[in-house]
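The structure under discussion appears below in the form of structure tokens.
No value in this document is a laboratory result; all are computed from the given coordinates. Owing to the predicted nature of the structure, the values given are computational and were not obtained by experimental measurement. Here Cβ is always computed from backbone atoms with ideal geometry, including for glycine, and neighbour counts include all displayed protein chains.
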Amino acid sequence: MENNYYDPADLKKFGKITEYQKELGDKYFSYYNDVFKEGALTAREKALIALAVSHTVQCPYCIDAYTVDTLEKGCSEEQMMEAVHVAAAIRSGASLVHSVQMMNKVKALTHG
């Protein structure tokens, strides 16, 4: 097996983050579990959002976990990829909108 920095087996160890700081770890898991409960959004919708955000923050553990989660919640491959494309569009737009800052700077430097 090839050695990788991100070991898929480590995802199963996530629950152990309380080992070095139990109080804060427990608070995190309580919050996390509340966030993913059915509410104004369905659990399925929340899973698709999580899958998209996972790609935006580029977390391989999250991508693995929410790929499984969205499939288990009945999402199709097409829905999953569409959610990822939404994330990609927002991420690229966030980079491109900063070009306004560059354009402002260029204009200030060249047009005094």
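Think of it as helices only: each DSSP H run of n ≥ 4 in the chain is worth -39500 (n - 2.57), and spread over all residues that comes to -22500 deg cm²/dmol at 222 nm.
Remark: relative contact order (region 14-111) = 22 percent; criterion is Cα-Cα distance under 8 angstrom and separation of 6 or more residues. Helix 99-111 axis versus longest C-alpha principal axis of the chain: approximately 20°, rounded to the nearest ten. Helix 43-57: angle to the longest alpha-carbon principal axis of the chain, degrees 0 to 90, nearest 10? Between the helix axis and the principal axis of the chain, the angle is about 50 degrees.
Only one residue of SER30, ILE17, GLY112 has its Cα farthest out toward the positive end of the dipole of the chain, where Lys and Arg carry +1 and Asp and Glu -1 on Cβ, and that residue is GLY112.
In loop segments of region 18-112 as defined by DSSP, the trypsin sites (Lys or Arg not before Pro) with at most 10 further C-beta atoms inside 10 Å of their C-beta are LYS37. The overall shape of region 1-81, judged from the alpha-carbon gyration tensor, is oblate: a/c is not under 1.5, and a/b is no greater than b/c. Against the main long axis of the alpha-carbon atoms of the chain, helix 77-97 sits at an angle near 40°.
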